[in-house]
Every structure is written in C-alpha cells, then in structure tokens.
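The values are calculated or read from the model by the stated rules, or taken from the named source; none is laboratory data. This one's a predicted model, so the numbers in the text were calculated from it and none came from an experiment. Heads up, the Cβs are rebuilt from the backbone with ideal geometry, glycines too, and the neighbour counts pull from every protein chain shown. Remember, those area values only see protein heavy atoms, side chains included, never the ligands or the DNA or RNA. Shrake-Rupley method; radii C 1.70, N 1.55, O 1.52, S 1.80 Å.
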Amino acid sequence: MNSGKLVNRPSDDPVIAVKGMGYRVDLDKNEQYQRNMREAHTWLDSTDEALDQVGTVMIRVKELIVQAANDTNTSEDRQKINEEIKQIQGHIRDLGNTKVGENYIFTGTHTNQPLFKDDGEINDVDVTQAGLEKSIDINVFDGIKIQVNTKGIDIFEDVNEFMKDLDSILSNPNATSEEISSALGATIGTGATGTTIPGLDKLTEQVLQTRAEVGAKQNRLELMTNRLEVQEVNVTKQMSLNEDTDYAKTITEMTTAESIHQASLSV
C-alpha cells in the first residue's frame, strides 16, 4: 500500500515483474516511434511547402510567358520580362536546396550536399545519380517504414532545364510569339542528353502529382500517430493492471488482517 506497487523486487512475483519489463519496453519503443513521427512530419511538411512555392512561381512564369508572347512587346520589353524569369529561376534553385536542420531534403542520401551548385547547375560532382534517387525511410511502427524524402532530381532538373531554354528563347530578339507560346505546351525542347524537356503545363502537372504523393504520406502519418497514441494508452493501462496496487482491495485486506491480529492478541 505504501509503494503503490504489487512488487518491489522481481522475487516478490517473477511473473508480474517480467510482464512489467515487457510493457516498459513497449512504451519505450512507442516513445521512439513518436519521435520518429515528428521527424517524418518535419521532412514532409518542408517538402510540401517547397513544392507549393514551386507551383506558385510557375503560375507567375506562365503569366510572364503569355505577356511576352504578345506581339506588341518590343525586344526590350521581353528582356525586362526575362530578367524577372531569371530571378524566379534562382528562387527555384534555392527551393531545390531546401534544408531540414543540416540536411538537404532533395538530394536523396547525399543529405550533406546541395542539389544545385553556386553556378546554378545540378551538383553532379559531389553527388551521384544513384544516391540522388535513393530513399530515406523512417521507422514509424513495428515493421513499418515511410519514405520521407522526395526525389528532387525528378522535378528540379526538368524545371531548371525548362527555365534555361525559356531564357534562350526570350534572349533571342528574333523570337516569334509562337516560339514563346510553345513553352506553355507539353514540351519545350530537347536537353543536352537528348531527353525531352517538359513544357510548363507538363511541369505544373508533375509538381501537383508529387505534392499529392507527399500529401498522401502526411495523411498516413496522421493515422499512424493516432495508432501510436491509442497503443500508448492501452499499454499504460495494461501495465497499471499488472503491477499497480488496488487500493480498495488492499485496504480491505489490511483492515481484516488488523482485526484478526487484535483478536489473536485478545485470545
């Protein structure tokens, strides 16, 4: 009754003691999973925010392309528009180098290296393609892992190549409105490696699809968080039932024992 526990040492009741140790292990694991969950939320929230900003500036790029495609604009007017597009390109590169703490979130397992170098090109010197495409998984439950990173190379490289091609078009004083408007379509040209560079519409769709995948992971994390909270309550309850004193029963037994003791003394 004084300690509030049924056992004070394992020898009091080895079965209760072993069960109590098991429940404490479960609670420790639950606590670690909840810490992992908070880390996963941070990664996914930062990823979603970065992609949201990419989508927002791409809308502005579309407005600028439509404006530049107007035949009433002079080459000087288009250069002014192109200057804003260049600043947007720099902003997108900064988003590609988003960090959580000291970790870059769009470079796969190369979390200590940025996606873009200072010259604006993909950082293919200090990182490898295989590393950029590797996933970072976090344990959120027994035997359950969730990928918290997004393959930034899949999005930001295409966006970067698109912006460079758009810059070339707008920098050409002889570019026609049709050539400028073509940037709004599904493709804008072919890259140095021979791959097709998506146009603005395709890139916007790609960003939205990636954000949808991130959102699905966030929803799953919410479900897993609720599951961990329920498990914590259940394990705590079971641990209490296993080893905590039932005060009503204990006081009744103590009172009975005292009565018997006094009766024995009287005899």
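Give me the Debye-computed log₁₀ of I(q)/I(0) at q = 0.16, 0.19 Å⁻¹ for the range 1-74, equal point scatterers on Cα only, no solvent, two decimals. Per q value, in the given order, log10 I(q)/I(0) is -0.79, -0.88.
Across the range 137-267, Cα-Cα pairs more than 22 Å apart make up 66 percent of the total. For the range 199-267, the alpha carbon convex hull comes to 54 Å³ per residue, rounded to a whole number. Only DSSP H runs of four or more residues enter the estimate; each adds -39500 (n - 2.57), and after division by the residues of the chain the mean residue ellipticity at 222 nm equals -22500 deg cm²/dmol. When restricted to Cα atoms, the chain yields an Rg and a Dmax of 31.2, 120 Å, respectively.
What are the equivalent ellipsoid semi-axes of the range 44-188, built from the alpha-carbon gyration tensor (square roots of five times its eigenvalues), in whole angstrom, biggest first?
Values: eigenvalues 244, 43, 30 Å².
Working from the Cα gyration tensor, I get semi-axes of 35, 15, 12 Å.
For HIS91, neighbours were defined as the other residues whose beta-carbon sits under 12 Å from its Cβ, and their charges (Lys and Arg +1, Asp and Glu -1) total +1.
Please check the chain for the longest run free of GluC sites (Glu not before Pro) that are loop-located per DSSP (anything but H, G, I, E, B) and have at most 16 other Cβ atoms within 10 Å.
Numbers: sites that count: GLU102, GLU121, GLU133.
Of all site-free stretches, the longest is 134-267.
Counting only protein heavy atoms and using a 1.4 Å probe, what share of the accessible area of the chain belongs to carbon plus sulfur, as a whole percent? For the chain, the apolar C and S fraction of the accessible surface comes to 50 percent.
Using C-alpha pairs under 8 Å with a sequence gap of at least 6, the mean separation divided by the residue count of the chain gives a relative contact order of 26 percent.
Over the chain, give the accessible area per residue in Å² for a 1.4 Å probe, as an integer. Before the final figure, lay out the partial values.
Numbers: 15100 Å² over 267 residues.
Computed with neighbouring chains in place, this is 57 Å² per residue.
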